[in-house]
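Structure first, commentary second.
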Amino acid sequence: MKRFPVILDCDPGVDDAVAILLAKQLPELDVRAITTVAGNVEVEKTYANAHRILHVAKWEVPVYMGAARPLIGTQVTATGIHGADGLGGVEVPGAAIPPVPEERAWDVIYREAVAAGGALELIAVGPLTNLAIAFAKYRELPKLIRRIVIMGGAATLGNTTPAAEFNIYADPEAAEMVFQSGVPVHMVGLDVTLKSYLTASEIDAIAALGSEQAKFFHGILQNVLAFSTKLGLPGVSMHDPAAVLYAVDASLFQAEEAGVHVECKGSITRGKTVTDLYSDAQFEKNAYVVTEVDRPAFVERVKTLLARYA
């Protein structure tokens, strides 16, 4: 099995936490660093939460702080779903939060890209501000990144607004810079993540594994489960875990090559990922849009990976 170097850029966040728990158990991933960005909660909290999750996972990975606000416009958060702390109010006793390193997320991305000699992949499951700053600061960086897998956007719907998914809406200008960077972008958006869900009984079955990590997983999902139930959804959408699993096993999914741009000026469409997937008019192809998932296989893979903690 060939491992590949990765930076996980995230905004923990409940589903980010699950994604990190899964990433630790994926031997394909050589995770060089975790970089955090403001998104679900403020950047100081996403940095601290990354350390708390790594403590639960019993995993040592360097964590670096990134952008505290979007490139342009007002910061938005998702505390109504993830809780004011970002982890649904679940405490992590014993987790140490070290001082913030001087080196910032965008500099780490460039450093690791150079060190990997063009093999580095980015899995970005929060707003794309850190990546945009890295591309703006280091103009040669796109040639050093093999692929970017994002959780964000959609071809057909939105959640934060009728047009826009949260991670893209939180910083549309950054997202457009990433899509137009020249690096292939694989968009694991709402089209597929809403189909990549776990039911309440499936969540309970994982909790029954009995490990510290399984119990943490169960605890942080309870508020999101209640929110999802009120919306009439069949379970909790595993948005960020879907992106991580796609990065290592695309056979679980279906994806279509497409051209993607991000609407940055529309009064009611700001943050929309505009694709040519279902259009006669075509853009230059710059991305792959993931549209389908084998949900039974996806659920089984999540269970199997979390069972490795037991």
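Here the condition is being touching a Phe, Trp or Tyr at 6+ places or on another chain (Cβ under 9 Å) and β-branched (Val, Ile, Thr); of Val302, Val244, Val262, it holds for Val262 alone. Residues considered: Val108, Val90. Of these, the only one that is buried (at least 23 other Cβ atoms within 10 Å of the Cβ) and not basic (Lys, Arg) is Val108. Only residues that are of a type in the set (Phe, Trp, Tyr), in contact with a strand residue (DSSP E or B) (Cβ under 6 Å, 6 or more places away or on another chain) and more than 18 Å from Ala154 (Cβ to Cβ) were counted in the stretch 225-246, giving 0. Close contacts from the stretch 248-273, counting a first residue that is under 17 Å from Lys285 (Cβ atoms) and a second that is of a type in the set (Phe, Trp, Tyr), with Cβ to Cβ under 6 Å and a gap of 6+ residues or different chains, come to Ala255/Tyr288; Glu257/Tyr288; Gly259/Phe283; Val260/Phe179.
Residue-wise test of (1) modelled with pLDDT under 95; (2) of a type in the set (S, T, N, Q); (3) over 18 Å from Gly126 (Cβ atoms); (4) surrounded by 23 or more Cβ atoms within 10 Å (Cβ to Cβ).
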| position | (1), (2), (3), (4) |
| --- | --- |
| Ala38 | no, no, no, yes |
| Asn49 | no, yes, no, yes |
| Ile72 | no, no, no, no |
| Gly80 | yes, no, no, no |
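Every test in (1) surrounded by fewer than 20 Cβ atoms within 10 Å (Cβ to Cβ); (2) out of contact with any Lys or Arg (no Cβ under 8 Å at 6 or more places or on another chain) is passed by Pro5 save one, and that test is (2). Meeting the requirement of 3 or more residues that are more than 16 Å from the chain's Cα centre (by Cα), the helices (runs of 4 or more DSSP H) wholly within the stretch 166-205 are 172-179. Filtered by the rule that a residue be part of a helix (DSSP H, G or I), in contact (Cβ under 8 Å) with a residue 40 or more places away in the chain and under 17 Å from Met65 (Cα atoms), the stretch 108-134 gives Val108, Ile109, Glu112, Thr129, Asn130, Leu131, Ala132, Ile133.
The values are calculated or read from the model by the stated rules, or taken from the named source; none is laboratory data. Remember, predicted model here, so these are calculated numbers, not experimental data. Neighbour counts are summed over all protein chains in view; Cβ atoms, including those assigned to glycine, are modelled from backbone coordinates with ideal geometry.
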